[in-house]
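*Asks:* Structure below; questions to follow.
The values are calculated or read from the model by the stated rules, or taken from the named source; none is laboratory data. The model shown is predicted, which means the values in this text are computed figures rather than measured ones. All Cβ positions, glycine included, derive from the backbone under ideal geometry; neighbour counts span all protein chains shown.
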Amino acid sequence: MEYKNVLTTCVYCGCGCGVYFEVLDGEIVGTLPVKEHPISRGSLCIKGWNVPAFVNHPERLKTPLIRREDGLGVATWDEALGLIAEKLGAIRDESGPDSVGFLASAKCTNEENYLLQKLSRAVVKTNNVDHCARL
Amino acid sequence: MTENTIKELRAHVAEKLKELDGVVALRRTTEGTAPHLFQDGDDLAQLVMEPRYPLASVVSLLQKRFPKARFGIVARGCDSRALVEMAKREQIDPDRLYLLGVACTAGEAQECYCADPAPDTEQWPAAEVIGEPVEGAPPNPMVAEYEQMSLEERRAFWRQQFLKCIKCYGCRDICPECFCEACSLEDPLWVERGVLAPDFPMFHLIRAMHMASRCVACRQCELTCPAHIPLTVLYDLLRQDVGKILGYDPGADLEVAPPISLSLEDAPIKAKIV
């Protein structure tokens, strides 16, 4: 028998609101705002209140999928990243670096988004970097 | 809350944990402060009284999940009143609950404009109160100001307030008395999806009507509202009317049945307590 609240940060945008997940015997059963949080100060928007909805969602993607002739199929991360690198490299070589773009995500950390633009600018050599809010 | 009251409270909780399966209270760690189920052997130096969370909802969750367990709750006056209304709607079982009541200080009562700042232990099967109960604080002056307004001014006042609403549903989500299985505020018949601000005045009045005879003035809705809508003014006025017209004081008496029942067959409340 264990009930506790686990502190986390809302992943839905860059504000970084504080959220508690109510955890009962290892299962997320609810959300509470963090009243002492310096940014959100005990408030959340509708996305923040529902942030754990995807955690145990039956349609949540847990592995990469690759679309082949017979439809989407389960792939390993190595296979998926290898395919992306191969295709991106081929497009860049054929049509130039500005023929591709990179979309960063508010669900990632600053550091992860920094790495994405680094990949875009330093490796692929394009400044086509934007974020998911303009997708 | 004075340091002495909290020390006394921690000692009482330690004592009660020997016989109960756990006590619901606030726990402060390096991560922050949140509701927690304290169990025998836990560090009670982490038990605190601020900031306030709807602890009654946690009791309901735990009692439903563990139908044989006996829990305690560290309850202020508002928590106790919330539990009373939940018990009447079969969301908690008073016979499996020990109420460790704490009397709010005069300052805390003033902060909430609370009329009833200490739990009434008389009505609970097993309860005590720690700290010296103080007199209730005078009501929110905004209520008297509102009552001086004409009908037109009142409409303009609420129109301006509700225009700020971002439909986060936080007022509903944090409310210990909001436990309907199907919420009218999610029914497209009443509330159009994807439209801001919500339809005036339906959205907030639907919730207000459902809160009549349930709202125990815990202020959780107002405190969590990102738009700073003075929701307690609305609910104070509502409670006034429920008192005047129906002679009912929500949270006051476990034995008095609520005058309004919204447990219609097509709008069932959540699974009842076992």
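*Asks:* So which pairs qualify, if the first residue must be in region B:173-202 and more than 20 Å from B:Q161 (Cα to Cα), the second must be surrounded by 15 or more Cβ atoms within 10 Å (Cβ to Cβ) and acidic (D, E), the Cβ gap must be under 7 Å, and the two must be at least 6 apart or on different chains?
*Replies:* Pairs found: B:E177/B:E85.
*Asks:* Kindly list the number of the only condition in (1) touching a strand residue (DSSP E or B) at 6+ places or on another chain (Cβ under 8 Å); (2) within 16 Å of B:L234 (Cβ to Cβ) that fails for B:P119.
*Replies:* Unmet condition: (2).
*Asks:* Hey, which of the strands (runs of 3 or more DSSP E) in region B:1-112, taking only ones fully inside, have at least 3 residues that are within 25 Å of A:P38 (Cα to Cα)?
*Replies:* B:22-29, B:32-38
*Asks:* Now for a different question. Step by step: first the residues of region A:1-33, then only those that are more than 7 Å from chain B (Cβ to nearest Cβ) and among the aliphatic types (A, V, I, L, M), then the one that is surrounded by the most Cβ atoms within 10 Å (Cβ to Cβ). Which residue is that?
*Replies:* So the residue we want is A:V19.
*Asks:* Among the residues of region B:174-184, which ones are out of contact with any Cys (no Cβ under 9 Å at 6 or more places or on another chain), under 24 Å from B:V84 (Cβ atoms) and part of a loop (DSSP other than H, G, I, E, B)?
*Replies:* Across region B:174-184, the qualifying residues are B:F179, B:E181, B:C183.
*Asks:* Could you tell me how many of the residues in region A:78-108 are exposed (fewer than 12 other Cβ atoms within 10 Å of the Cβ) and polar (S, T, N, Q)?
*Replies:* Residues that pass the stated criteria total 1.
*Asks:* May I ask you to verify whether A:L88 is in contact (Cβ under 8 Å) with a residue 24 or more places away in the chain, more than 30 Å from B:T30 (Cβ to Cβ) and not assigned by TED's automatic domain parsing to the domain that holds A:T126?
*Replies:* yes
*Asks:* Here is a further query. Return the residue satisfying two criteria in turn: it lies in region B:185-208 and is outside any loop (DSSP other than H, G, I, E, B) and in contact with a Ser or Thr (Cβ under 9 Å, 6 or more places away or on another chain), and of such residues it is nearest to B:T232 (Cα to Cα).
*Replies:* Per the criteria, the residue is B:R207.
*Asks:* Moving on to the next point. More than 26 Å from B:G170 (Cα to Cα) and out of contact with any Asp or Glu (no Cβ under 6 Å at 6 or more places or on another chain) - does that describe any residue in region B:49-66?
*Replies:* Yes, that holds for at least one residue.
*Asks:* Let me ask something else. Which number in (1) surrounded by fewer than 22 Cβ atoms within 10 Å (Cβ to Cβ); (2) more than 27 Å from B:D253 (Cα to Cα) marks the one condition that B:T224 misses?
*Replies:* Of (1) surrounded by fewer than 22 Cβ atoms within 10 Å (Cβ to Cβ); (2) more than 27 Å from B:D253 (Cα to Cα), only one is false for B:T224: (1).
Residue-by-condition table, conditions (1) more than 21 Å from B:R172 (Cα to Cα); (2) of a type in the set (S, T, N, Q); (3) outside any loop (DSSP other than H, G, I, E, B):
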site	(1), (2), (3)
A:T8	yes, yes, yes
A:G14	yes, no, no
A:E36	no, no, no
A:S43	no, yes, no
A:K62	yes, no, no
A:G82	yes, no, yes
A:E86	yes, no, yes
A:G89	yes, no, yes
A:E94	yes, no, yes
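*Asks:* Which condition number does B:E31 fail, the rest of (1) more than 9 Å from every other protein chain (Cβ to nearest Cβ); (2) in contact with a strand residue (DSSP E or B) (Cβ under 8 Å, 6 or more places away or on another chain); (3) at pLDDT below 95 being met?
*Replies:* (1)
*Asks:* Moving to a separate point now. Looking at region B:113-141, which of its residues are at pLDDT 95 or above and assigned to a helix (DSSP H, G or I)?
*Replies:* The answer is B:P141, and nothing else.
*Asks:* Which residues, taken from region B:156-168, are outside any loop (DSSP other than H, G, I, E, B) and either within 14 Å of chain A (Cβ to nearest Cβ) or touching a residue at least 24 places away in the same chain (Cβ under 8 Å) (or both)?
*Replies:* Matches in region B:156-168: B:W158, B:R159, B:Q161, B:F162.
*Asks:* Could you go through region A:46-55 and let me know if any residue there is part of a loop (DSSP other than H, G, I, E, B), within 12 Å of another protein chain (Cβ to nearest Cβ) and loosely packed, with under 14 Cβ neighbours inside 10 Å.
*Replies:* Among the residues of region A:46-55, not one is part of a loop (DSSP other than H, G, I, E, B), within 12 Å of another protein chain (Cβ to nearest Cβ) and loosely packed, with under 14 Cβ neighbours inside 10 Å, which makes the answer no.
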